[in-house]
Amino acid sequence: MSDSTFYVTTPIYYVNDAPHIGHGYTTVMGDIITRWHRQRGESVWYLTGTDEHGQKVLRKADQNGVSPQEWVDKLVEEEWKPLLETIDIANDDYIRTTEQRHLDGAKAFWQALYERDAVYKGSFSGYYSVGAEEFVGDDDVADGEGDDEGFKVSKLDGSRVEHMTEENYFFRLSDYQQKLLDFYDANPDFIQPESVRNELISFVSRGLRDLSISRSTFDWGIQVPWDDKHVMYVWIEALLNYVTAAGYGVDDERFKELWPANIHIVGKDIARFHAVIWPAMLMAAGQPVPHQVFAHGWILVGGQKMSKSKANGIRPDEIVDTFGSDAYRYYFARALTFGSDGSISWEDMHARYHAELANGFGNLASRVAAMIGKYFGGVLPAAGETTAAEQKVIDLVAETVAEADAAIEAVAPQDALSAVWRIVDELNGYLTEQAPWQVAKDESAGDRLATILATAAEGLRVLAVLLNPVMPKASAVLWGSLGAEPTLGALADQRIDAVAAWSQLPAGATITKPASLFPRIEAAAE
RNA sequence: GGGGAGGUAGCUCAGCUGGUUAGAGCAGGGGACUCAUAAUCCCUGGGUCGCGGGUUCGAGCCCCGCCCUCCCUACCA
């Protein structure tokens with residue numbers, strides 16, 4: 001572990017895309033994990049941001065008749081930062097690759113590579129599409145037909161390509177094949193999950209070529225420090241955000257505190273950049289390598305109601321508008337196995353929202369608050385003698401908290417939630433069995449009634465704390481309805497390692513019935 | 001071609017290094033209750049565990065072959 005701070009990152013998102021549920025998914029998962037770690041009392045740093053250089057951005061800006069800087073400013077402010085609000089992300093930092101600190105840090109990093117002889121000048125040959133203004137991979141080149149007979153064309157857009165050679169700087173990636181394999185071997189958890197690890201090991205085992213890492217045909221990028229005719233290839237520059245945001249080259253104190261990162265959360269499509277190229281660059285620069293690259297899977301859309309087109313066409317705010325940010329966060333964390341591909345659908349979201357959130361959890365909060373209101377005037381009674389039924393609840397809570405915490409440690413939020421939900425189910429069952437509404441009819445059983453409701457309220461207290469990382473809004477409402485803050489303090493300060501200790505809510509606390517945590521949604525969307 | 005992952009109840013998925021009658025949630029069916037968001041609780045349905053062989057006292061989990069789906073096999077981020 002890094003000596004002090006638990007540092008988690010998302011990829012920085014390429015501004016040319018519009019935010020879609022995939023971005024939201026990655027970002028939410030990181031947010032859940034970091035919020036949980038904060039409630040473990042750890043020092044945590046959660047970074048996300050945007051990748052803003054490169055030829056595609058430049059071209060898009062040109063098409064829109066604005067400077068690239070204006071273009072990315074607009075996208076960041078109108079599309080990307082609002083996404084964080086929409087899905088309720090508590091990031092500690094947001095890095096833009098157009099910020100000065102990134103320019104400075106990136107140049108410092110390159111300088112270090114250069115001085116350590118990890119970079120050299122060479123020439124890159126390949127097929128270049130004049131129309132598309134970019135190199136086309138050999139596999140995407142085909143023999144032309146018809147008018148293009150005798151020429152090579154790009155399979156991507158059909159444009160003619162010609163073989164060109166360009167002077168570029170190269171990174172000696174080929175030097176790192178064995179070092180990487182040794183590293184993977186010594187750090188089996190570095191790449192997760194296993195399937196991705198296997199693929200990357202086999203990829204590296206086949207051999208690595210040096211990497212062309214600069215471009216000289218356009219200038220929307222960061223200049224190579226010793227050669228202003230070149231800008232850094234955007235991928236290589238983008239990876240550097242993880243260290244530049246941590247203060248590399250400009251703030252040693254801060255850098256030492258944050259680096260190396262604990263987890264880089266990425267989609268499996270970019271796992272290779274993060275688990276092969278990135279560690280090699282760090283080794284080359286003499287920096288420690290992150291502890292883990294966690295690659296999540298694809299989100300598949302089941303059924304057809306979900307969208308007109310495809311999942312990637314769906315914007316997070318469509319879901320949030322209907323179900324709210326808490327449900328969005330819950331759904332992706334609960335319904336998918338982090339690290340595997342998984343299916344989502346509007347129907348499933350609707351079903352889980354009602355079965356698990358509204359009927360299971362929300363209704364539980366309602367019924368307990370309502371009964372304390374009805375039988376005790378909204379004042380939490382002191383619990384009396386604990387029977388086997390209460391002990392069962394108490395034991396289950398202790399067990400589940402440990403289980404959930406272990407699941408988060410293993411980067412398995414879905415398992416953490418399924419553990420926590422056992423508390424929801426247990427409490428609903430406990431209430432039905434103890435039937436406080438029956439006990440209330442017996443004038444002489446006031447003590448028993450108090451015990452039942454105090455136990456249920458304690459259970460809700462635990463749920464508010466445990467679910468806060470996943471559903472901060474609903475948890476805050478619940479925390480308020482339990483009247484917990486005056487004596488126990490802020491919800492975000494409640495520690496996971498102390499949550500299972502019983503009888504924390506003091507007798508006399510003011511319990512109010514909250515508005516429905518998750519109101520039923522009758523109108524089927526679309 | 002080489003490599004990786006997966007094909008388990010209507011749906012979404014669990015099933016650790018092989019071991020009693022293969023599980024959960026949801027959906028469906030029946031019942032109980034009324035504090036609550038027409039909620040909750042209990043019971044219930046029997047799926048050739050992709051196909052065919054094999055190893056074993058015993059395989060969904062091991063081996064062989066085959067079928068199907070998805071992914072990787074580097075310089076778009």
> Mind ordering A:29-40, A:316-327 by average Cβ neighbours within 10 Å, highest first?
Replying inline: A:29-40, A:316-327
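Give me the number: length gained by fully extending A:D321 to A:E162, i.e. 0.36 nm times residue separation minus the C-alpha to C-alpha distance, one decimal in nm. Can you show the working numbers first?
Details: separation 159, 0.36 × 159 = 57.24 nm, distance 4.91 nm.
My answer for the length gained is 52.3 nm.
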> What translational diffusion coefficient, in µm²/s and rounded to a whole number, does the Stokes-Einstein relation yield for segment A:398-526 at 4 °C and a viscosity of 1.567 mPa s, taking the hydrodynamic radius as the Kirkwood radius over Cα pairs?
Replying inline: 81
> Based on the alpha carbon coordinates of chain A, what radius of gyration and maximum Cα-Cα distance (Dmax) apply, in Å?
Replying inline: 27.1, 99
> From the square roots a ≥ b ≥ c of the eigenvalues of the alpha-carbon gyration tensor of segment A:138-294, which class results: rounded (a/c under 1.5), prolate (a/b over b/c), or oblate?
Replying inline: oblate
>> I'd like to know which of A:Y375, A:V66, A:A492 lies farthest towards the positive end of the charge dipole of chain A, counting +1 on Cβ of Lys and Arg and -1 on Cβ of Asp and Glu.
In response: A:Y375
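How large is the dipole of segment A:168-220 about the Cα centre if only Lys and Arg carry +1 and Asp and Glu carry -1, each at its Cβ, rounded to the nearest 20 debye?
Values: 6 positive and 8 negative charges, 46 e Å.
Taking the Cα centre of segment A:168-220 as origin, the dipole is about 220 debye.
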>> Whole-Hz ³J(HN,Hα) for each residue in segment A:407-414, computed from phi via Karplus 6.51 cos²θ - 1.76 cosθ + 1.60 with θ = phi - 60°, x for glycine and proline: what do you get?
In response: 5, 5, 4, 8, 6, 10, x, 5
> Which cross-chain or sequence-distant (5 or more) residues have an amide H under 5 Å from the amide H of A:S125, H modelled 1.01 Å from N in plane?
Replying inline: A:E166
> Once amide H atoms are built 1.01 Å from N in the peptide plane, which residues 5 or more positions from A:Y169, or in another chain, come under 5 Å H to H?
Replying inline: A:G122, A:I213, A:S214
> Tell me, what HN-Hα J-couplings in whole Hz come from the Karplus equation 6.51 cos²θ - 1.76 cosθ + 1.60 at θ = phi - 60° for each residue of segment A:325-339, using x for Gly and Pro?
Replying inline: 5, 4, 5, 4, 4, 4, 4, 5, 6, 8, 7, 10, 8, 5, x
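Counting Lys and Arg as +1 and Asp and Glu as -1, each charge on the Cβ, what is the dipole of segment A:473-526 about the Cα centre in debye, to the nearest 20? Don't jump to the answer; show the numbers that get you there.
On the way: 4 positive and 5 negative charges, 26 e Å.
Using Cβ point charges on Lys, Arg, Asp and Glu, segment A:473-526 gives about 120 debye.
Can you give me the convex hull volume of the Cα atoms of segment A:323-438, divided per residue and expressed in Å³?
127
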> Treating the beta-carbon of each Lys and Arg as +1 and of each Asp and Glu as -1, no other charges, what is the dipole magnitude of segment A:148-248 about its Cα centre, to the nearest 20 debye?
Replying inline: 120
> HN-Hα J couplings of segment A:228-236 from phi, Karplus 6.51/-1.76/1.60, θ = phi - 60°, integer Hz, Gly and Pro as x?
Replying inline: 6, 7, 10, 10, 5, 4, 4, 5, 5
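For segment A:11-87, what does the alpha-carbon gyration tensor say about shape, rounded, prolate or oblate, given a ≥ b ≥ c as the root eigenvalues, a/c under 1.5 as rounded, and a/b over b/c as prolate?
Values: a/c = 3.08, a/b = 2.68, b/c = 1.15.
Judged from the Cα gyration tensor, segment A:11-87 comes out prolate (a/c at least 1.5, a/b above b/c).
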> Are there GluC sites (Glu not before Pro) in segment A:1-98 that DSSP puts in a loop and that have at most 16 other Cβ atoms within 10 Å, and which ones?
Replying inline: A:E42
> By the gyration tensor of its Cα atoms, with a ≥ b ≥ c the square roots of the eigenvalues, what is the shape of segment A:56-191: rounded for a/c under 1.5, prolate for a/b over b/c, or oblate?
Replying inline: oblate
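Read-outs throughout are calculated quantities, based only on the coordinates presented, and are distinct from any laboratory measurement. Note that the structure is predicted; figures quoted are calculated from it, not measured. Every residue, glycine as well, gets a Cβ built from its backbone with ideal geometry; the counts of neighbours run over all protein chains shown.
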